[in-house]
């Protein structure tokens, strides 16, 4: 298939479905699945991903800010959309677009108490990560405010695990779960009824599945970047060779002349750079690109819109397809080389990259 664009993120929605089904098989039948599609669905395109997840029957979509939620509503998404960080200036847009909000401090809680529009709310508690969330001691005050403001429809309480992917931090994760269970028990007791609770994320389901509650929030696992043999990457980033150059021994390559050819060589120029999400730490032999069944080292510094790779020992021609990551190069491998995580690699993929969806 030919595309006018040279650099393309190929996204296989059938693999997304298989990843979701893996989680479903490991959850209780009544567990609510909240699919995380914030940050442009981790770079994969939030509208198409959300439409697929809605069709697959997830309970809700989780976004970061109200603008992400509004965009999904305008695209025709009908299911519940939960805004994790609604902010203080977005009230009217949130009400207009029927978005749920996560309330994690008194400023937000008081704002939604003062304004009397009916809205679904989710209360977030901090269980040790020390980021967003109320403390356990805030429980009585929160419930008093909820009881006095019946226009606030409490949908759930939640918290966030800090290290569920790290088995060496098992004790810390279990401490968080234990504290959240205590909060949940006390919350139910004071409120006089049982509320939905969720704390497990993708790696929480993989590593701490015995502790699932009423719901789970699945993000990175849907996109196949959680370490489990049954989860596959849903995307592959490809481009083309736009130019091949012959270099002589001693020739310099790239900004700062940071690479010197130690012998005669061929280099290929690829129109993918750090503005597209190709981390500069992959420069000068640290990273590679897959071309015609071979790993080809990146030489010179990665530029904003391009990079150069050594194709001296590869049969390569201008116009040949190259793989930045995909079937042959995993996002995990790139993350390890750049001392980061797959989340960052996905979320820094520039929106100018064409997304092509296969179902």
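The values are calculated or read from the model by the stated rules, or taken from the named source; none is laboratory data. Quick caveat, the model's predicted, so the values are computed rather than measured. Here the Cβ positions follow ideal geometry from the backbone for every residue, glycine too, while neighbour counts run over all protein chains shown.
A search for C-beta distances below 7 Å between a residue of the range 292-312 that is on the phi > 0 side of the Ramachandran plot and touching a residue at least 24 places away in the same chain (Cβ under 8 Å) and any residue that is surrounded by 19 or more Cβ atoms within 10 Å (Cβ to Cβ) and assigned to a strand (DSSP E or B), counting only pairs 6+ apart in sequence or on different chains, returns 300/253; 300/259; 300/308.
With respect to residue 111, determine if the residue is free of Cβ contacts under 8 Å to residues at least 24 places away in the same chain, in a loop (DSSP other than H, G, I, E, B) and in the same structural domain as residue 190 (by TED's automatic domain parsing). Before you say what the answer is, go through the steps one by one.
Values: free of Cβ contacts under 8 Å to residues at least 24 places away in the same chain: yes; in a loop (DSSP other than H, G, I, E, B): no; in the same structural domain as residue 190 (by TED's automatic domain parsing): yes.
Here the answer is no, as residue 111 does not meet what is asked.
Total residues in the range 190-219 satisfying the condition of being in a loop (DSSP other than H, G, I, E, B), out of contact with any strand residue (DSSP E or B) (no Cβ under 8 Å at 6 or more places or on another chain) and either free of Cβ contacts under 8 Å to residues at least 40 places away in the same chain or crowded, with 22+ Cβ neighbours inside 10 Å (or both): the figure is 3. The strands (runs of 3 or more DSSP E) found entirely in the range 271-359 that carry 3 or more residues being surrounded by fewer than 19 Cβ atoms within 10 Å (Cβ to Cβ), touching a strand residue (DSSP E or B) at 6+ places or on another chain (Cβ under 6 Å) and at pLDDT 95 or above are 354-358.
Yes or no, residue by residue, for (1) surrounded by 18 or more Cβ atoms within 10 Å (Cβ to Cβ); (2) part of a loop (DSSP other than H, G, I, E, B); (3) free of Cβ contacts under 8 Å to residues at least 24 places away in the same chain:
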site	(1), (2), (3)
123	yes, no, no
130	no, yes, yes
142	yes, no, no
150	no, yes, yes
155	yes, no, no
160	yes, yes, no
168	no, no, yes
174	no, no, no
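Whether any residue in the range 229-238 is free of Cβ contacts under 8 Å to residues at least 12 places away in the same chain and assigned to a loop (DSSP other than H, G, I, E, B) is what I want to check. Yes, the conditions are met somewhere in the range 229-238. Would you say residue 245 is at pLDDT 95 or above and loosely packed, with under 15 Cβ neighbours inside 10 Å? Answer is yes for this residue. Taken residue by residue, the range 72-80 has no member that is in the same structural domain as residue 157 (by TED's automatic domain parsing), out of contact with any helix residue (DSSP H, G or I) (no Cβ under 9 Å at 6 or more places or on another chain) and buried (at least 19 other Cβ atoms within 10 Å of the Cβ).
The residue of the range 51-71 that is surrounded by the most Cβ atoms within 10 Å (Cβ to Cβ), among those that are under 16 Å from the mean Cα position of the chain (by Cα) and farther than 20 Å from residue 13 by Cα, is 69. Listed here are the helices (runs of 4 or more DSSP H) enclosed by the range 1-108 that have at least 3 residues being within 23 Å of residue 326 (Cβ to Cβ) and touching a strand residue (DSSP E or B) at 6+ places or on another chain (Cβ under 8 Å): 13-25, 46-55.
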